[in-house]
Amino acid sequence: MGEVMTPRNESMIERVVRVLEAFKETGGALTASEIARQTNIPVPSAHRIVTELVELGILERNSDRKVKVGMRLWSLVARSSDVRSLRECALPYMEDLRAVVNAPTLLSILDRNDVVNIETLSARPPSATNVTQPGVRLPILASSPGLVLAAFATPRAREQVLESAKVTRFTEHTVVDRAELARIVQEARRLAYVVARRWITNDSVGVAVPVLSDDGTAMAALSVTIPFDTGVPSDLLPALHTTARGISRAALGPSRRVDPRIHLLLHRIRHATEVK
């Protein structure tokens, strides 16, 4: 009998990433059968993947036959310049921006229909304004970074997001009507920014701009979170756009050019192996 197929005809790389993501969910060692149940990968395939990853040193097997993330994977991820490149390029610019606006400053990337925050700089001193911490995911249509990333995605990806991405209401102010969301995304593409007032929490406003690749799509979103009762300062958008252009130039320079797809894959692996 042939192997039972998962809902999507996944590649081997996609299955390996899902196996690694299983360790983040549990925070400890797992058997191959437990991995199969958590990932919905057929048991024979899960055992085969686990065996090969153990042989490669990506996973390590304990005395009780359970497996955990191996030191070779930690070493590979820690040394990977591709994983670090976007964050490292952005940090000096983000620090300058925070010094000017004194507000939580975030860098986010798109992973399918989720927005993943890869860096956050808090205000000084830290404010009570809600701050999304690194590694946290949000639905793409529920935040200012997500709307910017949707606006500056490829036409096909933008259409898919607007038609089928999950719509989540965090507060009574979160826009959940798809027609209105489509209008906001189209306006964001024209204006190159999004202001989301009280969408995530009732006391905060998210303001985001795209960090553009050389093909005009967004490699990331740069955003700040400000208190709702302060209003949007007149110098905030110019500062955001200037910072985003600096990050883009640094990330796309000849000596640091990185395929965003490689960066995203390596980031997903790093995120999957960061135990809660």
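Scanning the range 36-57 for residues that are touching a residue at least 24 places away in the same chain (Cβ under 8 Å) and within 11 Å of Val16 (Cβ to Cβ) returns Thr39, Ile41, Ser45, Ala46, Ile49, Val50, Leu53. For the range 240-271, filtered to residues that are out of contact with any strand residue (DSSP E or B) (no Cβ under 9 Å at 6 or more places or on another chain) and among the small types (Gly, Ala, Ser), the residue that is modelled with the highest pLDDT is Gly246.
For every residue, the table says whether it meets (1) among the acidic types (Asp, Glu); (2) at pLDDT 85 or above; (3) over 30 Å from Ala221 (Cβ atoms).
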| position | (1), (2), (3) |
| --- | --- |
| Ser33 | no, yes, yes |
| Ile49 | no, yes, yes |
| Leu53 | no, yes, yes |
| Glu60 | yes, yes, yes |
| Lys66 | no, yes, yes |
| Pro92 | no, yes, no |
| Ala99 | no, yes, no |
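Among the conditions (1) in contact (Cβ under 8 Å) with a residue 60 or more places away in the chain; (2) surrounded by fewer than 20 Cβ atoms within 10 Å (Cβ to Cβ); (3) not basic (Lys, Arg), Pro238 misses just one, which is (1). For Ile184, indicate whether it is more than 20 Å from the chain's Cα centre (by Cα), part of a helix (DSSP H, G or I) and of a type outside the set (D, E, K, R). Answer is yes for this residue. Considering the range 137-159, and only residues there that are assigned to a helix (DSSP H, G or I) and under 10 Å from Ala218 (Cα atoms), the residue that is nearest to the chain's Cα centre (by Cα) turns out to be Leu149.
With the condition kept exactly as written, say whether any residue in the range 159-168 is open to solvent by 20 Å² or more (accessible area, probe 1.4 Å), closer than 11 Å to Leu147 by Cα and out of contact with any Gly (no Cβ under 8 Å at 6 or more places or on another chain). There is at least one residue in the range 159-168 that is open to solvent by 20 Å² or more (accessible area, probe 1.4 Å), closer than 11 Å to Leu147 by Cα and out of contact with any Gly (no Cβ under 8 Å at 6 or more places or on another chain). Scanning the range 50-74 for residues being outside any loop (DSSP other than H, G, I, E, B) and either touching a Gly at 6+ places or on another chain (Cβ under 6 Å) or open to solvent by less than 10 Å² (accessible area, probe 1.4 Å) (or both) gives a total of 5. The combined condition, being open to solvent by 20 Å² or more (accessible area, probe 1.4 Å), among the aliphatic types (A, V, I, L, M) and modelled with pLDDT of 85 or more, is not fulfilled by Leu106. Checked against the criterion of being modelled with pLDDT under 90, within 20 Å of Arg249 (Cβ to Cβ) and part of a strand (DSSP E or B), the range 112-127 has at least one qualifying residue. When the range 1-31 is filtered for residues that are modelled with pLDDT of 85 or more, of a type outside the set (A, V, I, L, M, F, W, C) and within 17 Å of Arg61 (Cα to Cα), only Thr31 remains. For beta carbons closer than 7 Å, sequence separation of 6+ or different chains, a first residue in the range 163-183 that is closer than 18 Å to Val194 by Cα and a second that is hydroxyl-bearing (Ser, Thr, Tyr) and open to solvent by less than 60 Å² (accessible area, probe 1.4 Å), the qualifying pairs are Thr171/Thr201.
The values are calculated or read from the model by the stated rules, or taken from the named source; none is laboratory data. Model, not experiment: these values are computed from the prediction. For neighbour counting, all protein chains shown are included, and Cβ atoms are generated from backbone atoms with ideal geometry for every residue, glycine included. Each accessible area value is taken on the protein alone, full model and side chains, heavy atoms only, with ligands, DNA and RNA left out. Shrake-Rupley method; radii C 1.70, N 1.55, O 1.52, S 1.80 Å.
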